[in-house]
1. For labels at residue 92 and residue 254 in the simple 7 Å Cα→Cβ model, what's the distance in nm?
2. With the cut-off at 19 Å, tell me which of the pairs 144/207; 144/210; 130/207; 57/207; 96/144; 144/213 have Cα atoms farther apart than that.
3. Fully extended, how many nm does the chain gain between residue 323 and residue 188 (0.36 nm per residue separation, minus their Cα-Cα distance)?
4. What does the extension gain come out to for residue 212 and residue 148, with contour length at 0.36 nm per residue minus their alpha carbon separation?
5. Compute the Cα gyration tensor for region 191-267, then decide on rounded, prolate or oblate, letting a ≥ b ≥ c be the square roots of its eigenvalues: rounded whenever a/c is under 1.5, prolate when a/b is larger than b/c in the other cases, and oblate in all that remain.
6. Just to check I understand the Karplus step: with θ = phi - 60° and J = 6.51 cos²θ - 1.76 cosθ + 1.60, what whole-Hz values come out for region 16-25, glycine and proline as x?
7. Which of the peptides 209-221, 140-152 is most tightly packed, and how do the rest follow, going by the mean number of other Cβ atoms within 10 Å of each residue?
8. Apply the Karplus curve 6.51 cos²θ - 1.76 cosθ + 1.60, θ = phi - 60°, to the phi angles in region 46-63 and return the couplings in whole Hz, x for Gly and Pro.
Amino acid sequence: MNRANDSTSSNLKLISLVVLIVQTTALVLTLRYSQTQVSDGPRYLSSTAVVCAEIIKLITCIFVIYRNAGYRFSGMLAEMNREIFATPQTRSDSLKVAVPAIMYVIQNNLLFFALKKLDAATYQVTYQLKILTTAIFSVTMLGKSLHRYNWLALILLTAGVALVQYPSGDSPAKTSSVHDASDNILGLGAVLAACFSSGFAGVYFEKILKTSKVSLWIRNIQLAFFSVFGSLFVCWLYDWQAISDDGFLRGYNKIIWIVVLLQAYGGLVIALVVKYADNILKGFAVSLSIILSSFTSWLVLGDLTITTTFAIGATIVIFATFLYGHEPKKSPIAHNA
């Protein structure tokens, strides 16, 4: 029975990781296309897209609870009340989900700020440090023990992704934005803070998922609920004037809605990865998707030049992924007769 459970868990881990890689790659490519497509009117606002994604995620999770209750509205309400509101313990437990939700909102604000201060290449390379911060929080908050292969793989992964994202020497210097020293310092500080925010929020949510009997769908309802209000606050803070002038759904078309759906269901896939794998493997999956999306961009869009550094970086990342999954052989334990 244990072997069957282990096999099922391994299959779920593999499936969730593969789906995450495919989803992240598709999201990157559609996002790139949505930002470069020719539009007659004003462009869509990323802050409103985040709100729409969280609302769709919330509705989807509620529907799953409704289906699990035998399509009975009363059964759905009873389960939500039992898991969220019934006792002081469940109410206190529900409020804990507000912590990662708020941290994710802070993270998004920091990244928006960083992108105003840094060029895209510097931002992308620096932001990969979130993998290391996730590992550190996994050790300190979850008590995970990482052997030397894990740490070596994490270092290699960061170096490999940095090489993949390193700008091509063929690009003229004039095409990059010029930032003064103070902007660079502020931008790098924002990215580093976002890395710690991302690592803490992800591991905190993993701890909540794995230390309670509340279903994954209820947890995502709670997370989406708090995230909707946080995202609406971002809309009001950054884009209220644009929304007032052109409407909440300004610039939306089929491509934008695909981006929203990928973003919404990508959040659920990440939750599955956290549930059946861990946040560090999630980081590796996202890193592999960067390489996959770059190759796809080269083959389909033709807007990427494959360089020697890209090839070396891709090889290092793939090697690091297999190295992280390597478990050293345990010495046999002698049993007394």
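Any read-out appearing in this document is the output of simple, stated calculations on the displayed coordinates, not a laboratory observation. Since the structure is predicted, the reported quantities are computational estimates derived from the model, not experimental observations. So basically every Cβ, Gly included, is an ideal-geometry build from the backbone, and we count neighbours across all protein chains shown.
1. 5.3
2. Pairs exceeding 19 Å: 57/207; 96/144; 144/213.
3. 45.7 nm
4. 20.0 nm
5. prolate
6. After applying 6.51 cos²θ - 1.76 cosθ + 1.60, I find 5, 5, 5, 4, 5, 4, 5, 5, 5, 4 Hz.
7. 209-221, 140-152
8. 5, 5, 6, 5, 5, 4, 4, 5, 5, 5, 5, 4, 4, 5, 4, 5, 5, 5
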